[in-house]
Amino acid sequence: MLGYAGKFLEVDLSSGNVKEVRFSEKILRQYMGGRALAVKILWDRLGKRWENIDPLGPENLLLLLTGPLTGFAPGGRLCASGKSPQSNGIVGSTVAGEFPIELRCAGYDGLIFTGKAERPVYLFIKDSDVEIKDASHVWGKDAKETLRVLVKEGRSELESRYKGKGLWKEPAAVYIGPAGESRSRIAAVTAKWAHAAGYGGYGGVMGSKNLKAVLAKGTGPLPNVADMKRVEDIIDLILRKDFKSTTWRRWGTGAAGYDVGARVSSEPVRNWQEEWHDEKTFGVNEFEKFWVKKYWGDFGCPTTCLKLAVVREGPLKGAITDNPDYENQAYLGPNLGIFKAEENIYLTALIDDLGLCGIQAGNVLGFAAELYQRGILTKKDLGGVEPKWGDVQAFAALIKMIAERRGIGDVLAEGTHRAALMISKTKRVDVTPYVITAKGIGIGAHGIRSGEDYPALESYPCSVQGGDHTSTAFLPLDHENSELRMVLYDSGVFCWFNFFNEEARDSLWDLIEAVTGWKIGVEEWLNVTARRVLHIQRAVLLLGGPDLKWTPETHDDIPARWYQPLGEGPYKGKAVDRSKIQEARKEYYEAIGWDENGIPKSEELKRLGLDDVDKRVKKLRELE
Amino acid sequence: MSEVEHVWIARDYVRCSGCRRCEIVCSLSHEGKIWPEASRVRVFMLVPGIEVPHLCTQCHDYPCVDACPVDAMSVSKETEAVLVDKEKCIACGKCIDACPGKVPFIHPIENYAVICDLCGGEPKCVKACTEGGWNALQTLKREETHSFKLYAKRPEELTRDVIVQLYGDEWKEAV
């Protein structure tokens, strides 16, 4: 099959059995790879008992999948998935790096993990030689130490395996930090110190399986394609467009930490009590002082939007991370009342090291700090920590407690939505008004109250990935940021950021054909391929369980706080009108093929050959 | 020296973005495929953020050529690059042992030593790096006064050099 290595590895961590799995061309033509294929695999294997599957139990699957365009479309990524311990649905969560390239060069398009290892292990893939190895010596270690030890081990093993052939490059790795090990619902699957598949909580799933890391070395080429010359020409076109993308190349998303606050007024400030700040100390020019590399990127990327930041002196000395990017800037900056570049770099490096998602961690920290501000959580509740806005050391202490599930950290490690339910119960006060999540997933750092940022009214309420700011719902359905289009990037699997240019974006259909030989046009993608994926994701999201379920009437909504007016800044007084959300929601249901209660329609599911999904959601229709 | 202006590929590791576009264009040109481990320039990343493009620097004394027991290696008159005769090469690895930087390697599936041929004088990796504005790789005129051999180092040594510069002294022992 063109564009595919053709094989997937299924690793049963309970028994230690490893086998090769293949999917038919028909299935791959329909579900491509990454997020879409994850949805297919999860539905087929877990769909019948979805409500009873504990995302952190051995019955869940952990999927690490590439797609046919991984390595060809500039900016290759890996998609992590499974039943999400955040939403109880499915999230396609992607992470950059060379791991997916090494995996494909080793001959595999993806990995399916089942069961749970008895002791901490890691998987080492050396071309066709696959081995489950002991990881007890790196269990408990942070990202930097884990990677140092495993890369060293991996290299010496490669050296003896390929003796006399010279040096191979180091194996690539994905791994979890201590937060994943403690099965935190807000832990990420991470790579290269500062890269994370954050949304979904798959670091916790990986930890629940006692899987510390996966290393891969592939000495072969990327898979054969239909027309290599054409692939090269399309890559050239995309590169030419992206080289002109001066803003992303120059600053990455790191100029937004000031800009989205000061100008756009949609940045979380003190747990979204405000969305505006004009703190020039948080300007990207302040961050630049810490950069030691101005362009940092991953396999095949023309944009290289990352920048390496290092704190070289002072009390926070030793922190190393990328820029940070806007999301980490906002959530571990203004959202915590922090407006100093080096403090933000320090906290970002800390969550990297511990394997937390910066968005989810920043979301729950802001929530905890607001409860402290309101006197609901006391110093005693917080184990002696006093998270006053802007107190970097207090937040660092809480981050460590979360990663270790120590004291209040055990509650906060459940993520904001679940933590709020627990705290409301123990404190006998309703703390849900201070929660900024959608379907259990902390919302990305782009508010909608000012009306100036990119998300629309329907974006968060109707997304099948909840608060994920990269996969948001949009009308019309062919909108350039439509969730149907996002399924392509997550299933391809490659980086959205190299396709902001229209010509580059349009070239993707040609690239799919040049790689796989399949003619999948934009129409087919929007009406059939991606539609199937969203419907299944919607179905499992509503089936939910075992601990939480979502009802469209209540949960296809924005956070309560966003109905209150902005208190400061150029958009002071602006709020979201409840009736507008209801209207947008209704329009979206209709356009996408869901009934008035938000459940995928029978005829729509049958049109797409999803009769089994139709049968399963009948139950939901009867509840209405 | 011949009359033609010879070039070599100078490298500035601190500027390497890790985009590996050099590996992509090199392997496409030499193998017709995207094949990172068969690329004549390979970006090692022993520590994240410390990316070191590893490739032949054409030492004056060409220890690899001297070490070849079967005369499979020669120096191109046109470019002064090391050329490998695939038919003659027995993949014994003596050139690898002789190289102070352990730059050559045996092709992943074929039986010969792989080494940069400077693309006949216009290296594609340099073009890709220049077009992207990274300028980690640059072609410079090859002059007698340059000690190219200084660049023939193992990835570990190069990493140590760069890591101290970027992350500080405390990282010296990391590799």
Legend entry - Relative exposure of A:T437, A:T470, B:T159, A:T426, judged by other C-beta atoms within 10 Å (fewest first): A:T426, A:T470, B:T159, A:T437
Inset, instruction - Place +1 on the Cβ of every Lys and Arg and -1 on the Cβ of every Asp and Glu in the protein assembly as shown, take the dipole about the Cα centre, and give the residue among A:F23, A:L526, B:H146 whose Cα lies farthest towards its positive end. - result: A:F23
Legend entry - Degrees, to the nearest 10: B:155-167 long Cα axis against longest axis of chain B: 20 degrees
Legend entry - Zone of A:S136's modelled label, taken as backbone nitrogen in region A:99-116 under 19 Å from a point 7 Å along Cα→Cβ: A:116
Legend entry - Charge-dipole axis of region A:8-217 as Lys and Arg at +1 and Asp and Glu at -1 on Cβ define it, positive-most pick from A:G75, A:G154, A:G203: A:G75
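What size of dipole, in debye to the nearest 20, comes out for chain B about its Cα centre when the only charges are +1 on Lys and Arg C-beta atoms and -1 on Asp and Glu C-beta atoms? Write down the numbers at each step before the final one.
On the way: 21 positive and 27 negative charges, 74 e Å.
Here chain B has a charge dipole of around 360 debye.
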Inset, instruction - Could you tell me the distance between the Cα centroids of region A:344-388 and region A:542-590, to the nearest Å? - result: 25 Å
Inset, instruction - Report the GluC sites (Glu not before Pro) located in region B:59-92 that are in a DSSP loop and have at most 15 other Cβ atoms inside 10 Å of their Cβ, or state none. - result: B:E78, B:E87
Legend entry - Cα-projected label distance for B:E131 with A:K7, points at 7 Å along beta-carbon direction, nm: 3.4 nm
Inset, instruction - Classify region A:540-594 as rounded, prolate or oblate from the Cα gyration tensor: take a ≥ b ≥ c as the square roots of its eigenvalues, call it rounded if a/c is under 1.5, otherwise prolate when a/b beats b/c and oblate if not. - result: oblate
Inset, instruction - Please sort A:242-251, A:315-324 by packing, taking for each peptide the average over its residues of neighbouring beta carbons within 10 angstrom, highest first. - result: A:315-324, A:242-251
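By DSSP, what percent of the beta bridges with both residues in region B:7-169 are antiparallel, rounded to the nearest 5? Kindly include the intermediate steps, with their values, before the conclusion.
Numbers: 14 of 14 bridges.
Expressed as a percentage, antiparallel bridges in region B:7-169 total about 100.
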Legend entry - Whether chain A is rounded, prolate or oblate, judged on the alpha carbon gyration tensor where a/c under 1.5 counts as rounded: rounded
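Starting with the fewest neighbours, write out A:S136, A:S265 ranked by other beta-carbon atoms found within 10 Å of each beta-carbon. Can you show the working numbers first?
Details: A:S136 11, A:S265 26.
With the sparsest Cβ surroundings first, the list reads A:S136, A:S265.
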Legend entry - Karplus (6.51, -1.76, 1.60) ³J(HN,Hα), θ = phi - 60°, over region A:69-74, in Hz, Gly and Pro reported as x: 8, 4, x, 9, 5, x
Legend entry - Simple label model, 7 Å out from Cα along Cβ direction - A:D54 to B:S147, nm: 6.5 nm
Inset, instruction - Report the local net charge at A:K317: Lys and Arg +1, Asp and Glu -1, summed over other residues whose C-beta lies under 14 Å from its C-beta. - result: -4
Inset, instruction - Can you tell me the FRET efficiency between B:D61 and A:D506 if r is taken as the Cβ-Cβ distance and R0 is 56 Å, rounded to the nearest 0.05? - result: 0.55
Legend entry - Set of aspartates and glutamates near A:K48 by C-alpha distance (under 14 Å), chain-local residues within fewer than 8 positions excluded: A:E59, A:D611, A:D612, A:D614
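Which helices count as membrane-span-like in chain A under these terms: full DSSP H, at least 24 Å along the axis by C-alpha, Kyte-Doolittle mean of -1.0 or more?
On the way: long enough: A:143-161 (26 Å, -0.86).
Length and hydropathy pass: A:143-161.
Where does each of A:T66, B:T130 land when they are ranked from fewest to most other beta-carbon atoms within 10 angstrom? Walk me through the numbers before you get to the answer.
Values: A:T66 29, B:T130 14.
Ascending Cβ contact count within 10 Å gives the list B:T130, A:T66.
Is the C-alpha gyration tensor of region A:452-580 telling us rounded, prolate or oblate? Criteria: a/c under 1.5 is rounded; beyond that, a/b larger than b/c is prolate, otherwise oblate.
Details: a/c = 2.80, a/b = 1.51, b/c = 1.85.
Oblate is the answer for region A:452-580, as a/c is 1.5 or above yet b/c matches or exceeds a/b.
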Legend entry - Residue-averaged [θ]222 nm for chain A, counting only DSSP H segments that reach four residues, each worth -39500 (n - 2.57): -11000 deg cm²/dmol
Inset, instruction - Could you count how many Lys pairs in region A:178-313 have their Cα atoms under 24 Å apart, skipping same-chain pairs fewer than 8 positions apart? - result: 23
Legend entry - Qualifying trypsin sites (Lys or Arg not before Pro) for region A:474-556 [loop in DSSP, other Cβ within 10 Å: at most 10]: A:K519
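Can you list which of the trypsin sites (Lys or Arg not before Pro) found in region A:344-425 are DSSP loop residues with at most 15 other C-beta atoms within 10 Å? Before the final figure, lay out the partial values.
Details: sites: A:R374, A:K379, A:K380, A:K388, A:K400, A:R405, A:R406, A:R418, A:K425; in loops: A:R374, A:K379, A:K380, A:K388, A:R405, A:R406.
Qualifying residues, ordered by number: A:R374, A:K379, A:K380, A:K388, A:R406.
Rule-based calculations on the coordinates, nothing more; no lab input. Predicted, not measured: the structure shown is a model, and the values here were computed from it. Quick reminder, even Gly has a Cβ in these numbers, built from the backbone with ideal geometry, and neighbours come from all protein chains shown.
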